[in-house]
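These notes are about the structure you will find just below.
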Amino acid sequence: MDKCEVESSSASPSLAHVSGCPSSASPLLPSPGPSAPSGGILQLAWKRYLQELSRRPLRTKALTSAAIGKDVLCPLPCNSRLYYPCPKHPVPSSRAAGLSDVVAQAIISGRYSNVKRTLAVACFGFLYSGPSAHYWQKFLEWLFAGRKDMQTVLTKVAIDQLSYGPLCNILFMSFATLVLEGRSFGELVAKVKKDYVGVQLNGWRLWPLAALINYRFVPLEFRVLFINVVALVWTIFLLLSAKRAQGGGPVAVKRA
């Protein structure tokens with residue numbers, strides 16, 4: 001494969017620009033030349049991210065999914081499980097990652113204390129969430145190659161929300177129950193039978209709209225990043241809302 005080729009024909013010119021391939025001026029990066037501004041640390045970090053995304057897309061998305069995303073704690077006091085979405089409250093579905101776990105622990109308990117859990121959910125993001133989302137987005141792009149009309153976008157959303165999304169939820173519920181909580185396979189089966197439908201219905205409160213925006217407006221190479229950022233922001237919003245509802249103190253979450 002030629003080094004100037006990016007993930008698909010829909011890749012944005014920003015990546016080609018970063019990798020040294022000829023393209024039109026990128027809206028994301030300053031044009032090269034002695035007069036180009038040096039930029040701050042965020043601009044330099046974004047430029048480096050684009051370079052890595054162009055050269056090593058799978059690894060970059062895996063690392064991104066490990067670093068950011070969402071936590072899976074129910075933000076309201078109830079008898080729900082600790083490690084995956086509560087069927088009673090609209091925590092979005094399971095794109096777990098390290099930064100969101102740190103933020104969630106700080107918001108919920110008022111301090112950060114469980115490093116092992118953060119590493120565990122980061123590993124899940126690195127080994128499954130990032131790579132699976134990378135190949136899933138590429139598969140959908142291949143399946144509907146060259147088609148960008150609204151009907152195609154809605155078809156992508158439907159396929160995504162009826163196949164990949166539910167699979168992610170069931171896999172994360174399994175990981176959370178067996179690995180994070182250390183429970184038995186029999187307990188996992190019982191939880192899936194009891195809670196899965198509610199978990200999935202709550203996920204559909206957010207993710208169909210997010211998927212619509214993603215497939216309609218976001219270039220292919222940035223779709224995994226978009227999913228991670230949406231999930232992180234939405235979870236923080238829910239946790240802060242729950243904290244305000246309880247008077248600003250730590251959010252009380254009970255174990256099952």
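Some points to look at:
- Flag for Arg117 being modelled with pLDDT under 75 and among the basic types (Lys, Arg): no
- Options Ala145, Ala122, Ala158: the member that is more than 17 Å from the chain's Cα centre (by Cα) and within 27 Å of Arg56 (Cβ to Cβ): Ala145
- Some residue of region 138-157 being within 21 Å of Leu238 (Cβ to Cβ) and either among the polar types (S, T, N, Q) or modelled with pLDDT of 90 or more (or both): no
- Across region 174-226, the number of residues qualifying as in contact (Cβ under 8 Å) with a residue 40 or more places away in the chain and part of a loop (DSSP other than H, G, I, E, B) comes to 5.
- Every residue from region 106-134 that is without any contact (Cβ under 8 Å) to a residue 24 or more places away in the chain and either assigned to a helix (DSSP H, G or I) or touching a strand residue (DSSP E or B) at 6+ places or on another chain (Cβ under 7 Å) (or both): Ala106, Val115, Lys116, Thr118, Leu119
- Test: Val218 is more than 26 Å from Thr118 (Cα to Cα) and β-branched (Val, Ile, Thr): yes
- Residue check for Arg205: surrounded by fewer than 20 Cβ atoms within 10 Å (Cβ to Cβ), assigned by TED's automatic domain parsing to the domain that holds Leu127, at pLDDT below 90 and over 20 Å from Ala67 (Cβ atoms): yes
The values are calculated or read from the model by the stated rules, or taken from the named source; none is laboratory data. From a predicted model like this one, the values you see are computed outputs, not experimental measurements. Every residue, glycine among them, receives a Cβ derived from its backbone with ideal geometry; neighbour counts consider all protein chains shown.
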